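Chemist: To start, I am sharing the structure in question, which I have written as structure tokens.
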Amino acid sequence: MYLEDRRRKKRSFWPWVLSFIVAFSVAWQLYSKQVEIIEAVRGPLPTPTPTEISAVEYVAVGDDHFAQGNYDGALTAYVRATELDPTLAVAYARWSRILTLRHKTDESVQVAKRAVELDAESAENQALLALALDWDGQVADAMVAGQKAIKVDPEYALGYVYLAEAYGDYGRVGDAQEMAEKALELDPENVFVVRNMGYMYELLGRYPDAIAQYTAATEINPNHAYLYLDMGRNYRVLGRVDEAIQSFERATEVDPGDSQGFDQLGWTYFSQGMYDVATTALEKAVEVNPDHAAAFGHLGLTYYMRRNYEEAILHLTKAVELGAQSEEYYYQLGLCYSYLDQCDQAIPWFERALQVNPSSAVAKQGLRGCE
């Protein structure tokens, strides 16, 4: 009896299972039909988009780009960080560093000052303000900022680096060396610390030692164009023109967005009388940075040597408009106009050259020729 009852119970279970399956199938068909109706009315759901990263994360992205030598990418990231968080001081400081290294020093000083306004107790902010001020020619103020940096954090190597550079540019070479050596003691593997020691050697006129130190910096990180500018400058002083050209070419490869490499490359070609290739490089410089006064001046002088006086006038005038104050630019403009038989235009430029240098022989000769 027990076995027969058990079998009956097993047989009675299956109709319930079948009923459940049928009910589920019907429900699913109804649900699917309902979804189709809803989608037909309101359309498909939008594709999900990733949430934008935070301001702090943008700074990290900028740092990665900077380490790889992608200054454009770094600049974009730092600027975006300040847009998302206008109080994030470190983003302004590192933004200013890019501007400084690209010799856009008017802008870099303002951005660096904003970083210090937001956080004056940051050694990095004070140090990068010192760098911006020094490269902008405000050396005394740069020393003050550098001193603040090492006071805030006596263990921050880059504070000593940028203070050393400012001291050196001010003529306090002994103090500069002391600061550079302290930085090297604190962080001997830092590319900027190693580069700074090269600059100290350069100030002392020890150009081969400077080149060796700059080369060591590129071995730590080969992605910073201004290291190759440093090397090229020292090679040129030593008369090693081929190596200077190679260094400047390397700078343009590492950072094609920096006009300095093209300018120095063109100016080196100019010094060798290679005016055609100089023109090509210098035209690239002003294309990359339409506010680069020196590049316009160099290009104007190159056109003058090629006796293309109209183009020389155009570019020399642009250099002056951008703030270049040069006796040579002034009297060269005078000569260009005089060769074009336009002495009424030439005389004011000769007079302007004499205001800069009352003994300017070329300007005096140009005036006599016009008279």
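Chemist: Quick one: TYR160 ticks every box in (1) free of Cβ contacts under 8 Å to residues at least 12 places away in the same chain; (2) closer than 14 Å to LEU128 by Cα bar one, so which box is it?
Modeler: Here TYR160 meets the rest and fails (1).
Chemist: Cβ-Cβ below 8 Å, separation at least six or inter-chain, first residue in segment 331-358 and among the basic types (Lys, Arg), second surrounded by 15 or more Cβ atoms within 10 Å (Cβ to Cβ): which pairs?
Modeler: These pairs meet every condition: ARG352/TYR330.
Chemist: Counting only residues that are crowded, with 24+ Cβ neighbours inside 10 Å and either touching a Ser or Thr at 6+ places or on another chain (Cβ under 8 Å) or among the charged types (D, E, K, R) (or both), how many does segment 313-339 have?
Modeler: 3
Chemist: Give me the pairs: first residue in segment 135-146 and under 16 Å from HIS103 (Cβ atoms) and free of Cβ contacts under 8 Å to residues at least 60 places away in the same chain, second residue of a type outside the set (Phe, Trp, Tyr) and in a loop (DSSP other than H, G, I, E, B), beta-carbon distance under 6 Å, and six or more apart or on different chains, which are they?
Modeler: As it stands, the answer is none, since no pair meets every condition given.
Chemist: Let me ask something additional. Please work out which one of (1) surrounded by fewer than 23 Cβ atoms within 10 Å (Cβ to Cβ); (2) within 29 Å of GLN213 (Cα to Cα); (3) in contact (Cβ under 8 Å) with a residue 24 or more places away in the chain is the condition THR279 fails and give its number.
Modeler: THR279 satisfies all of (1) surrounded by fewer than 23 Cβ atoms within 10 Å (Cβ to Cβ); (2) within 29 Å of GLN213 (Cα to Cα); (3) in contact (Cβ under 8 Å) with a residue 24 or more places away in the chain except (2).
Chemist: Further question on the same structure: When the residues of segment 95-136 are narrowed to those that are closer than 21 Å to ASP230 by Cα and among the charged types (D, E, K, R), which ends up surrounded by the fewest Cβ atoms within 10 Å (Cβ to Cβ)?
Modeler: ASP136
Chemist: Give the residue, chosen from VAL144, VAL116, VAL109, that is in contact with an Asp or Glu (Cβ under 8 Å, 6 or more places away or on another chain) and either among the β-branched types (Val, Ile, Thr) or not in a helix (DSSP H, G or I) (or both).
Modeler: Working: VAL144 fails: in contact with an Asp or Glu (Cβ under 8 Å, 6 or more places away or on another chain); VAL116 fails: in contact with an Asp or Glu (Cβ under 8 Å, 6 or more places away or on another chain).
Checking each option against the conditions leaves just VAL109.
Chemist: Okay, moving on. Could you tell me which numbered condition ASP175 fails, if it satisfies all but one of (1) crowded, with 18+ Cβ neighbours inside 10 Å; (2) within 25 Å of LYS113 (Cβ to Cβ)?
Modeler: Tallying (1) crowded, with 18+ Cβ neighbours inside 10 Å; (2) within 25 Å of LYS113 (Cβ to Cβ), ASP175 fails exactly one: (1).
Chemist: Can you tell me which residues in segment 62-117 are hydroxyl-bearing (Ser, Thr, Tyr) and over 14 Å from the mean Cα position of the chain (by Cα)?
Modeler: Scanning segment 62-117 gives THR82, THR87.
Chemist: Just to be sure before I move on: is ILE211 more than 25 Å from ARG102 (Cβ to Cβ) and either of a type in the set (D, E, K, R) or at pLDDT 95 or above (or both) in the structure I sent? Let's see the steps before the verdict.
Modeler: Values: more than 25 Å from ARG102 (Cβ to Cβ): no; either of a type in the set (D, E, K, R) or at pLDDT 95 or above (or both): yes.
When the stated conditions are applied, ILE211 does not pass them.
Condition check ((1) crowded, with 23+ Cβ neighbours inside 10 Å; (2) not aliphatic (A, V, I, L, M)) across all residues:
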{"position": "ASN196", "(1), (2)": "yes, yes"}
{"position": "TYR201", "(1), (2)": "no, yes"}
{"position": "PRO208", "(1), (2)": "no, yes"}
{"position": "ASN223", "(1), (2)": "no, yes"}
{"position": "LEU227", "(1), (2)": "yes, no"}
{"position": "MET231", "(1), (2)": "yes, no"}
{"position": "LEU238", "(1), (2)": "no, no"}
{"position": "GLU253", "(1), (2)": "no, yes"}
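Chemist: Just checking: which of the helices (runs of 4 or more DSSP H) contained wholly in segment 233-335 hold 3 or more residues that are of a type in the set (Ser, Thr, Tyr)?
Modeler: 259-271, 275-288, 293-305
Chemist: Let me ask something additional. Do we have ALA166 as buried (at least 18 other Cβ atoms within 10 Å of the Cβ) and either of a type in the set (Lys, Arg) or in contact with a Gly (Cβ under 9 Å, 6 or more places away or on another chain) (or both) here?
Modeler: Yes.
Chemist: Also: From (1) within 22 Å of HIS103 (Cα to Cα); (2) in contact with an Asp or Glu (Cβ under 7 Å, 6 or more places away or on another chain), pick out the condition that doesn't hold for ILE220.
Modeler: Failing condition for ILE220: (1).
Chemist: Considering LEU299, LEU322, LEU314, which residue is out of contact with any Phe, Trp or Tyr (no Cβ under 9 Å at 6 or more places or on another chain) and of a type in the set (A, V, I, L, M)?
Modeler: Values: LEU322 fails: out of contact with any Phe, Trp or Tyr (no Cβ under 9 Å at 6 or more places or on another chain); LEU314 fails: out of contact with any Phe, Trp or Tyr (no Cβ under 9 Å at 6 or more places or on another chain).
Only one candidate passes the filter, namely LEU299.
Chemist: Looking at LEU265, LEU299, can you tell me which residue is surrounded by 16 or more Cβ atoms within 10 Å (Cβ to Cβ) and more than 19 Å from the chain's Cα centre (by Cα)?
Modeler: The unique qualifying residue is LEU299.
Chemist: Quick check on segment 307-330. Is at least one of its residues closer than 23 Å to VAL241 by Cα, aliphatic (A, V, I, L, M) and in contact with a His (Cβ under 8 Å, 6 or more places away or on another chain)? Give the steps one after another, and end with the answer.
Modeler: The first filter runs over segment 307-330 and keeps only residues closer than 23 Å to VAL241 by Cα, leaving none.
Checked against the condition, which is being closer than 23 Å to VAL241 by Cα, aliphatic (A, V, I, L, M) and in contact with a His (Cβ under 8 Å, 6 or more places away or on another chain), segment 307-330 yields no hits at all.
The values are calculated or read from the model by the stated rules, or taken from the named source; none is laboratory data. Being a predicted model, the structure only gives us computed values, none of them experimental. Every residue, glycine as well, gets a Cβ built from its backbone with ideal geometry; the counts of neighbours run over all protein chains shown.
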